[in-house]
Amino acid sequence: MTSPQPYTRAEIEALGDQLPERGAFCPSCGLYIPEFADISAEELTELKQNDTLTIFKTLREKTGCNLKWAKIWSQHPDGPHPLVAEETAPCPYCGVPLHPGAEQCLLCRMDWHDPTHPKQLGRSIADQILEAEPGTQIEVTSHSTWLLAQHFAELHHRRDEITIHFAKSEKA
Ligand SMILES: [Zn+2]
Ligand SMILES: [Zn+2]
């Protein structure tokens with residue numbers, strides 16, 4: 001496995017308000033923990049000893065990241081939060097982690113409220129991810145779906161080949 005590419009300042013600035021899409025995935029928060037090109041491992045180790053405000057300030061100065069990114073990083077000093085088994089249950093159809101009581105899945109769009117008659121509610125985004133040609137951009141319209149899609153793409157080794165884009169649906 002290759003380690004994720006750290007973000008450069010130029011990349012971070014170009015991303016603006018977007019959340020990180022690379023780094024270790026924390027399934028418990030549903031977030032990617034960014035790595036930064038402009039701060040050394042030694043500096044980071046030392047930085048972790050500081051109070052939260054110093055961490056935010058230093059990260060923002062050194063890497064150009066916004067407060068959201070600094071928060072995500074500071075909330076994961078030791079990497080992703082361990083996931084307790086009860087917290088999620090895999091979707092029986094596509095395998096993404098869902099709430100244990102879930103009866104439908106945003107990613108493969110299966111609905112099993114009536115377990116004897118599961119229904120497909122729309123085109124499966126899981127299938128789109130598996131079938132997409134490299135370079136394809138797949139659009140999703142909710143942040144929760146985006147997170148599941150990223151997770152699924154990661155699991156199926158497609159995260160470097162396709163782009164999953166979160167676009168809020170236009171409301172008039
Ligand atoms: Zn977390
Ligand atoms: Zn599913």
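No lab work stands behind these numbers, since they all come straight from the coordinates. Since the structure is predicted, the reported quantities are computational estimates derived from the model, not experimental observations. Note that each Cβ is placed from the backbone with ideal geometry, even for glycine, and that neighbours are counted across all protein chains shown.
Residues of segment 22-48 with the amide nitrogen closer than 11 Å to a label point 7 Å from the Cα of residue 11, along Cα-to-Cβ, please. Zone members listed by number: 22-23, 34-38. The trypsin sites (Lys or Arg not before Pro) of segment 1-92 that meet both conditions, a loop assignment by DSSP and at most 14 other Cβ atoms within 10 Å of the site Cβ, are 48.
Under the definition of Cα pairs under 8 Å and six or more residues apart, what whole-number percent is the relative contact order of segment 9-74? Write down the numbers at each step before the final one.
Numbers: 66 pairs, mean separation 22.8, N = 66.
Across segment 9-74, relative contact order equals 35 percent.
Pairs on different chains or at least eight residues apart, Cα atoms closer than 20 Å: how many lysine pairs in the chain fit? Within the chain, the lysine pair count is 8.
If you take the Cα centroid of segment 133-172 and the Cα centroid of segment 52-115, the two points sit 15 Å apart. Once both labels are positioned 7 Å from their Cα atoms along Cα-to-Cβ, the gap between residue 52 and residue 144 label points is 2.6 nm. Taking every C-alpha pair closer than 8 Å and separated by at least 6 residues, the mean separation divided by the residue count of segment 10-156 gives a relative contact order of 17 percent.
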